[in-house]
1. From the set of residues in the range 152-168 that are more than 14 Å from ligand 1 (Cβ to nearest atom) and either among the aliphatic types (A, V, I, L, M) or part of a loop (DSSP other than H, G, I, E, B) (or both), which is surrounded by the most Cβ atoms within 10 Å (Cβ to Cβ)?
2. With the checklist (1) touching a strand residue (DSSP E or B) at 6+ places or on another chain (Cβ under 8 Å); (2) polar (S, T, N, Q); (3) part of a loop (DSSP other than H, G, I, E, B) in hand, flag the one item residue 171 doesn't pass.
3. Kindly indicate which of 309, 315 is on the phi < 0 side of the Ramachandran plot and more than 18 Å from the chain's Cα centre (by Cα).
4. Looking at (1) within 15 Å of ligand 4 (Cβ to nearest atom); (2) more than 17 Å from the chain's Cα centre (by Cα); (3) among the β-branched types (Val, Ile, Thr), which is the only condition residue 322 fails?
5. How many residues does the range 211-222 contain that are surrounded by 16 or more Cβ atoms within 10 Å (Cβ to Cβ) and more than 15 Å from ligand 2 (Cβ to nearest atom)?
6. Do we have residue 358 as in a helix (DSSP H, G or I) and more than 26 Å from residue 397 (Cβ to Cβ) here?
7. When the range 237-252 is examined, which residues are found to be without any contact (Cβ under 8 Å) to a residue 60 or more places away in the chain and within 16 Å of ligand 2 (Cβ to nearest atom)?
8. Anything in the range 48-70 that is surrounded by 21 or more Cβ atoms within 10 Å (Cβ to Cβ) and either among the β-branched types (Val, Ile, Thr) or away from ligand 4 (no atom under 15 Å from the Cβ) (or both)? List them, or say none.
Amino acid sequence: MLIDKYKIDEHNNNLLKDHKRRFDFAAEGVAGLDSILKKLVDFQIAIPSWALGTGGTRFGRFSGGGEPRTLEEKIEDVGLLHSLNKSGGAISLHIPWDIPKDAKAIKALAAQHGLRFDAVNSNTFQDQPDQKHSYKFGSLQHVDKATRKQAIDHNIEVIKQGVELGSDSITVWLSDGSCFPGQLNFRKAFQRTLDSLHEIYAALPDNFKMFVEYKAFEPNFYSMTVGDWGQSLLYASKLGPKAYTLVDLGHHLPNANIEQIVALLLSEGKLGGFHFNDSKYGDDDLTVGSINPYQLFLIFNELVEGMDARGMQHATDLGWMIDASHNVKDPLEDLLQSVEAIKIAYAQALLVDTKALQAAQDASDVAKAQEILQQAYRTDVRALVAESRLQAGAALQPLQLYRQLKVRENLIKERGQKTVATGL
Ligand code: AOS
Ligand code: ZN
Ligand code: ZN
Ligand code: ZN
């Protein structure tokens, strides 16, 4: 299903008068308005291929209708989102959940939808049907050399596929770890994992990055071999300049100060990118901004300040990806909400008066510093974000148009009611 441009124009024309009023109000007195709008237009977020179908829980899976059954249909879905908001111009694949049999054709299809390929993800946390050695006791950390080799080879294969698709990074997330005290020698597990990562790293082409994603717990509940940003940073530092830490917002112990982690990784030049989502308890993978939007804003505040200080390009110098998935929402609606939440937090961070904040910090004026941050956070920037969509040729209200056009109903007609997209 494709969305005709004239449908978007029609939708925008109907809302234009109301939008204009809101926008003029929101834009009043905003310093550097044009540059903020341009940054919002340029900012693109990668959609994970595994979030296009309803996610399962440990207890059951309630699949929705019209889910993409093939990689081609997943690309169509991301293309659809992108035509609605012009902010999701990339897709992140998970191999072997996605198998690009004909990379050239897949790349061409993506290009038709204005999409590029962000980081490719390897998978050594599940056994595949045709696989010789099991990952029950880990992959890159495994005590058995042949199992490690199998996992290394898989990662190298994923890099090759990534290269063919024009991706420039691989995300390695390991479920490796242990469930009980005594199960694992931490020191040796770290060393084996590092050695394995070295072999994968050696296969990276020049312009290719490796993102090492950490996670505090789950599926291992006693130790994780890449359990926090310290461990990820250790691996990334020992591996070399092409290795970076990837921050998945849901992968911390409760109440972790993620914005401080982000600030320090950034200033070390070791922040690779994000898996955005939100959570209340653990790796909940809830819609971005649905639980703690202030934290998201504070993260973006560190990003904008830190990237500007290092002369980095906001849109291109980090990997911006979503990692969220649901079983109670239409996944496409959910992704539209996630992208919107990211753009709102970004817009608010762009409003922060950085100079005044630094002056307040230098004067140890704590109340003032808080006022400056909250002044930006409490500003309703939705009309600014909508304006950037208008300028980009997208819909003023993507979710509203999605429903008006009955996209899900049409997808169900096209693909059927009983569809299950590959993924967890
Ligand atoms: C797992 O918890 C991680 O977030 C990974 O990024 C994983 O590859 C992804 O969530 C798909 O399951
Ligand atoms: Zn993740
Ligand atoms: Zn996760
Ligand atoms: Zn997650």
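The values are calculated or read from the model by the stated rules, or taken from the named source; none is laboratory data. For clarity, every value in this text was computed on a predicted model and none was experimentally measured. Cβ: placed from backbone, ideal geometry, glycine included. Neighbour counts: every protein chain shown.
1. Across the range 152-168, the extreme among qualifying residues is 167.
2. Here residue 171 meets the rest and fails (3).
3. 309
4. (2)
5. Total satisfying the criteria: 1.
6. Taking the combined requirement at face value, the residue satisfies it.
7. Initially, the range 237-252 is screened for residues without any contact (Cβ under 8 Å) to a residue 60 or more places away in the chain, giving 237-245, 247, 249, 251-252.
Answer for the range 237-252, where residues must be without any contact (Cβ under 8 Å) to a residue 60 or more places away in the chain and within 16 Å of ligand 2 (Cβ to nearest atom): 244, 245, 247, 249, 251, 252.
8. Those that are surrounded by 21 or more Cβ atoms within 10 Å (Cβ to Cβ) and either among the β-branched types (Val, Ile, Thr) or away from ligand 4 (no atom under 15 Å from the Cβ) (or both): 52, 53, 54, 64, 66, 67, 68.
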